[in-house]
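Coordinate-derived values only; no laboratory data. These figures come from a predicted structure and were not determined experimentally. So basically every Cβ, Gly included, is an ideal-geometry build from the backbone, and we count neighbours across all protein chains shown.
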Amino acid sequence: MSELSISLQPESPPPPRPRKKKRAPKPRRDGISQEKSHRRALIGSIIISSIVVHGVVLLIFGIWTVAKQFTRPEARFEMKKVVKIPPKTPEHKMNVAKHEAMAPKPTFNDKLVSTRPVEFALPELPQVDLDQMLPLDPSELISDQVNSLVGSAALGSGLGQGLAGGGGTGQGMSFFGVQTQGQRILLLFDVSSSVVNKANAAGIPLERIQEETIKLIGGLPISAQFSIIQFTGNYMPFTEELIAATPANKDLAKKWVEEKWNKSGAMSASTSGVISNVQGVVGVLERSIAMRPDVIFLISDASFQWRAGEGGGLGNIPYEEIKKAVDKLDQGPQGEIPLNFIAFQPKPDDEKEWTRIVRGTGGEFRQLKAE
């Protein structure tokens, strides 16, 4: 009992807990503060929207740029045709000068007259014989020089008919009885063995053909141009282009006809000056067009062959192909080029076809027979 003690005093109560202070209520914003807050929110939303829109636009542009690289059109190459006007040839200037020289010269009858009296009188002009004075017109000087160089060639008798001067008047030229006019003459000779044999049978041997050719060239005026091509299948031209009918060129042509004329009836492509040609007379006509003549003489028997295609056999040329080549003759410097055909013993069918073809060009078909 002694160990137990009972306290009769009551225990003291625990101290009271401190109360938390209440936060003071936030003051209410007035109208100006709310308006600023709304304005800041609006500006921020506008900036964000602008960034988003620009980003979307840049994304679309990038996608379009990449897609454009894959849809680029294929490259196209175009070639434009260049139109060139050929220069005027020297003979044109000579023809113009001669034409102007033929025109009558103006005469002056005016006298020196005073409109009011003067204290002195002018002496009378001396009487001068104007016919003895030298011409002062340059065109007349050129015409006189040309006439002195040409001499009787321009008015001579090439094969009995002569050749007119540069003005294009007169009877023109004649070759084996075929009359024509022109200043750019091209002679095409078929020298195959069949033609040589038929010419001999017609009483016109090879030597006679050479003589008539040299005589024709010798009668050309200096204002004319000419060339020669001899052919079988392959062909040999005298010159690459038409050359002026000067005395020196005429001598070269005479020497070429006498020394280079083919007499064997065949023409090998390995021979110097011979050009390989598998198209026969069609290839010769195409070469003739490139030389730009204004009159052509073709001497043959009117029977032509070619090798159709690569490795093809020898056969007659269809007249449709010949007609196509002849139709290109209207590309001459003065329009259509007359094609004159001199034939030795042609077959009736060949004569009929060639007559129709050459008349379409304004030329003449003439058959030479034994007299």
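Here are the numbers for this structure:
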| quantity | calculated |
| --- | --- |
| Stretch gain in nm, segment residue 241-residue 47, where the contour uses 0.36 nm per residue and the Cα spacing is subtracted | 61.5 nm |
| Cβ-Cβ FRET estimate between residue 316 and residue 65, R0 fixed at 45 Å, reported to 0.05 | 0.10 |
| Efficiency of FRET from Cβ geometry, residue 77 and residue 201, R₀ 41 Å, rounded to 0.05 | 0.10 |
| Ranked list, fewest to most other Cβ atoms within 10 Å of each Cβ, for 366, 356 | 356, 366 |
| Contour excess over end-to-end distance, with Cα ends at residue 324 and residue 37 and 0.36 nm allotted per residue | 93.8 nm |
| Gained length - residue 58 relative to residue 210, 0.36 nm times residue gap less alpha-carbon distance | 45.9 nm |
| Entries of 254/324; 255/323; 198/352; 347/369 with Cα pairs more than 23 Å apart | 254/324; 255/323 |
| Kirkwood hydrodynamic radius of region 157-368, Cα pairs, Å | 17.3 |
